[in-house]
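The values are calculated or read from the model by the stated rules, or taken from the named source; none is laboratory data. None of the values given here were measured: they were computed from a predicted structure. Cβ placement follows ideal geometry from the backbone for every residue including glycine, while neighbour counts extend to all protein chains displayed. For the accessible areas, the whole protein counts, side chains as well, though only heavy atoms, and no ligand, DNA or RNA atoms are used. Shrake-Rupley method; radii C 1.70, N 1.55, O 1.52, S 1.80 Å.
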Amino acid sequence: MQRRMLLGTGAAALFGGGAWFLSQGAKPGATSFAPVSAANAQDAGDIDTSGVLELVLGDENAPVTVTEYASYTCPHCASFHASVMPQLKANYIETGKVRFVYREVYFDRFGLWAGMLARCGGPLRYFGIQDVLYNTQREWLDGSDPAKVVENLRGIGKSAGISDAELDACFADENMPRAMLAVYQQNAEADGINSTPTLLVNGTKYGNMNYADLAELIDAELPAE
């Protein structure tokens, strides 16, 4: 399970998009995300977050809501999406029993950029791009060179039908990552998130788990037939 310190409220540094970061002359292979100076950072409450859509699969009126907090750079999250999500989708989401909410966690710049890419495709393509990001996590993160990671993410975007112009606009946008970070902070602090993946089943928080254990928790929340 991946554990990192969450961004602090108010004093948190806000991070720019891929094109912004590369323009700052970052050293290849650096692992810290270059922050905007604290003097220029906005309070989360001052940021327009209306463009940051909630990411949902399943029936809006399903009796059980499962919320996952996950990072695109977290290996345990990739394992969860490979081993648990297919069964969860087939047996609970697609049958109308579970409304699934996915909330991105940004512990590093590459996870943020991956979230920006997935959202660049719009809500109809988001979860398809998500599958590719998790299934090829090692490949697109290979080497941790920022320029190479951006190139790899662009390749994933183009394979999903996103044009070069659309990708340029998404990665050059400095307002969207600030809004995404603000939403992340608000949700993570409200739910006490400090590791990934974290699951909420009808509001009760759990850590990473296998499909059988998750299915047992969901079944306990379903109405009696």
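Values computed for the structure shown
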item: Those residues of region 45-97 which are among the β-branched types (Val, Ile, Thr), farther than 23 Å from Val132 by Cβ and modelled with pLDDT of 95 or more, in sequence order; result: Val64, Thr65, Thr95
item: Residue satisfying all of: in region 121-137; in a helix (DSSP H, G or I) and open to solvent by less than 20 Å² (accessible area, probe 1.4 Å); farthest from Leu153 (Cα to Cα) among these; result: Tyr126
item: Qualifying residue in region 148-160 (condition: under 23 Å from Phe80 (Cβ atoms) and touching a Lys or Arg at 6+ places or on another chain (Cβ under 7 Å)); result: yes
item: Unmet requirement for Asp168, which otherwise passes all of (1) closer than 20 Å to Ala70 by Cα; (2) open to solvent by 20 Å² or more (accessible area, probe 1.4 Å); result: (1)
item: Number of the exception - Asn194 against (1) in contact with a Leu (Cβ under 9 Å, 6 or more places away or on another chain); (2) surrounded by 17 or more Cβ atoms within 10 Å (Cβ to Cβ); result: (2)
item: Search result, residues across region 178-190 that are farther than 19 Å from Cys74 by Cα and either in contact (Cβ under 8 Å) with a residue 40 or more places away in the chain or crowded, with 18+ Cβ neighbours inside 10 Å (or both); result: Arg178, Ala179, Ala182, Val183, Gln186, Glu189
item: Region 128-178, residues that are of a type in the set (A, V, I, L, M), under 23 Å from Leu57 (Cβ atoms) and over 18 Å from the mean Cα position of the chain (by Cα); result: Ile162
item: Total residues in region 50-82, condition surrounded by fewer than 17 Cβ atoms within 10 Å (Cβ to Cβ) and over 12 Å from Phe100 (Cβ atoms); result: 9
item: Criterion violated by Tyr92 - all others in (1) surrounded by 21 or more Cβ atoms within 10 Å (Cβ to Cβ); (2) more than 15 Å from the chain's Cα centre (by Cα); (3) under 19 Å from Thr196 (Cβ atoms) satisfied; result: (3)
item: Matching residues, region 210-225, being acidic (Asp, Glu) and under 17 Å from Pro197 (Cα atoms); result: Asp213
item: Among the residues listed as Ala118, Ala82, Ala114, Ala78, the single one being of a type in the set (Gly, Ala, Ser), within 13 Å of the chain's Cα centre (by Cα), closer than 18 Å to Met209 by Cβ and in a helix (DSSP H, G or I); result: Ala78
item: Criterion (open to solvent by 20 Å² or more (accessible area, probe 1.4 Å), of a type in the set (S, T, N, Q) and closer than 17 Å to Ala114 by Cβ) met by exactly one of Asn175, Asn152; result: Asn152
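Table: residues versus (1) open to solvent by less than 40 Å² (accessible area, probe 1.4 Å); (2) under 19 Å from Val101 (Cβ atoms); (3) part of a helix (DSSP H, G or I); (4) modelled with pLDDT of 95 or more.
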site	(1), (2), (3), (4)
Glu139	no, no, yes, yes
Gly143	no, no, yes, no
Ile156	yes, no, yes, yes
Ala212	no, no, yes, yes
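This table checks each residue for (1) in contact (Cβ under 8 Å) with a residue 24 or more places away in the chain; (2) among the acidic types (Asp, Glu); (3) more than 15 Å from Leu222 (Cβ to Cβ).
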| site | (1), (2), (3) |
| --- | --- |
| Thr65 | yes, no, no |
| Cys77 | yes, no, yes |
| Phe80 | yes, no, yes |
| Val84 | yes, no, yes |
| Ala90 | no, no, yes |
| Thr95 | no, no, no |
| Phe100 | yes, no, no |
| Arg109 | yes, no, yes |
